Amino acid sequence: MKNPKVQVDRVTKIYTGNKKNAQVLALDTTNLTIMPNEFITILGPSGCGKSTLLRIVGGLEEQTTGHVYLDGEETFGPSSNRGMVFQAYSLFPWLTVEENIEFGLKTNEMTAAQRKELVHNYIDLVQLKGFEKHYPRQLSGGMQQRVAIARALANDPEILLLDEPFGALDNQTRTLMQELLLEIWEKSNKTILFITHDVEESIFLANRVIVMTSRPGRIKADIPIDLEHPRPYSIKIDPRFLAYKEQLTELIREESLKAMMEVK
Ligand SMILES: Nc1ncnc2c1ncn2[C@@H]1O[C@H](COP(=O)(O)OP(=O)(O)OP(=O)(O)O)[C@@H](O)[C@H]1O
């Protein structure tokens, strides 16, 4: 039996607002165990605390109570063993594609030649050969996110944390990016935690979909996705895929309705 890669243990988060005594319970008691090489997607309505949970696992946000363990060790703050990719393109605009990917490697004990080889392997992996010397402004949104994924992977993190990384892309590009990420995961066997509010995306990518309740976020359902790999895009019309879609759409609809009633 393998040991968990990540354990989220009774984590809660309360934000303190600007107004005196204003507090927001963003995340209610949450437990989550992620095994090595899992691809987990977190699905939930807007504002349910998905990003909060991911940022706590990434060490960018401090939980109010509870603990996060990586390979059995409690984590405090960010570190290169957790790679992150966000929805907003977060590349350094003054660096080229290869410089962006190389950036985090500078402190590693590697020769310049080893760094160059590594960077070029990741450029190949995300299919950006020929764009090494381009600056972010010369790239489409999808290409920029591929650089961000390569940059996160180049540090060889223990877990890759992605916060709606394809949310700003058009549908066609988004579909292609999903296929590319799945292909990378199938090859690299990384552990991935991926946030989305798109039901189809959550099923296509995951081996487990975690559904969150509307605020305060809690885990409402944990659904294993029993679909084979390699997983072709045509699986999206497979009856088994459609059955998952129906089940998850229903679960998420209940939560979105609750969230809407609360806003009224
Ligand atoms: N820094 C903060 N200060 C105060 N409240 C916050 C802060 N960050 C988030 N919140 C609140 O906590 C709740 C959860 O936010 P979070 O961004 O985690 O949700 P989400 O599920 O990722 O939403 P979305 O899908 O819209 O990005 C929201 O009500 C949000 O307004």
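For the range 38-49, a residue qualifies if it is open to solvent by 10 Å² or more (accessible area, probe 1.4 Å) and modelled with pLDDT of 95 or more, and exactly one does: 38. Scanning the range 50-64 for residues that are open to solvent by less than 10 Å² (accessible area, probe 1.4 Å) and in contact (Cβ under 8 Å) with a residue 60 or more places away in the chain, which turns out nearest to residue 87 (Cα to Cα)? It comes out as 54.
What's the number of the only condition in (1) touching a residue at least 24 places away in the same chain (Cβ under 8 Å); (2) farther than 18 Å from residue 104 by Cβ that residue 138 fails to meet? Exception for residue 138: condition (1). If you go through the range 76-102 and keep only what is open to solvent by 70 Å² or more (accessible area, probe 1.4 Å), over 29 Å from residue 8 (Cβ atoms) and of a type in the set (Phe, Trp, Tyr), you end up with just 94.
Of the residues making up the range 60-84, those that are away from the ligand (no atom under 16 Å from the Cβ) and on the phi > 0 side of the Ramachandran plot are 71, 72, 77.
When you check residue 142 against the structure, is it small (Gly, Ala, Ser) and touching a Ser or Thr at 6+ places or on another chain (Cβ under 6 Å), yes or no?
yes
Do you know which of the residues in the range 189-219 that are within 21 Å of residue 4 (Cβ to Cβ) and open to solvent by 60 Å² or more (accessible area, probe 1.4 Å) is farthest from the ligand (Cβ to nearest atom)? For the range 189-219, the residue satisfying everything is 189.
Looking at the structure I just gave you, is residue 68 within 20 Å of the chain's Cα centre (by Cα) and over 25 Å from residue 184 (Cα atoms)?
Taking the combined requirement at face value, the residue satisfies it.
In the range 12-40, the residues that are within 30 Å of residue 230 (Cα to Cα) reach residues that are assigned to a strand (DSSP E or B) and near the ligand (Cβ under 9 Å from one of its atoms) with C-beta atoms within less than 9 angstrom, at least six apart or across chains, in these pairs: 32/42. None of 245, 236 is in contact with an Asp or Glu (Cβ under 8 Å, 6 or more places away or on another chain) and in contact (Cβ under 8 Å) with a residue 40 or more places away in the chain except 245. Of all residues in the range 17-45, those satisfying the criterion of being in a loop (DSSP other than H, G, I, E, B), near the ligand (Cβ under 8 Å from one of its atoms) and within 27 Å of residue 5 (Cα to Cα) are 44, 45. Checking each residue in the range 46-59 for being within 11 Å of the ligand (Cβ to nearest atom), of a type outside the set (S, T, N, Q) and in a loop (DSSP other than H, G, I, E, B) picks out 47, 48, 49.
Residues that are of a type in the set (Asp, Glu) and part of a helix (DSSP H, G or I) within the range 114-152 comprise 117, 124, listed in sequence order. Taking the conditions exactly as written (assigned to a helix (DSSP H, G or I) and at negative phi), does residue 195 satisfy them or not? The answer is no for residue 195.
The values are calculated or read from the model by the stated rules, or taken from the named source; none is laboratory data. What you see is a predicted model; the values in this text were computed from it and never measured. Positions of Cβ are generated from backbone atoms using ideal geometry, with glycine treated the same way; all protein chains shown enter the neighbour counts. Just so you know, the surface numbers come from the protein's heavy atoms only, side chains and all, with ligands and any DNA or RNA stripped out. Shrake-Rupley method; radii C 1.70, N 1.55, O 1.52, S 1.80 Å.
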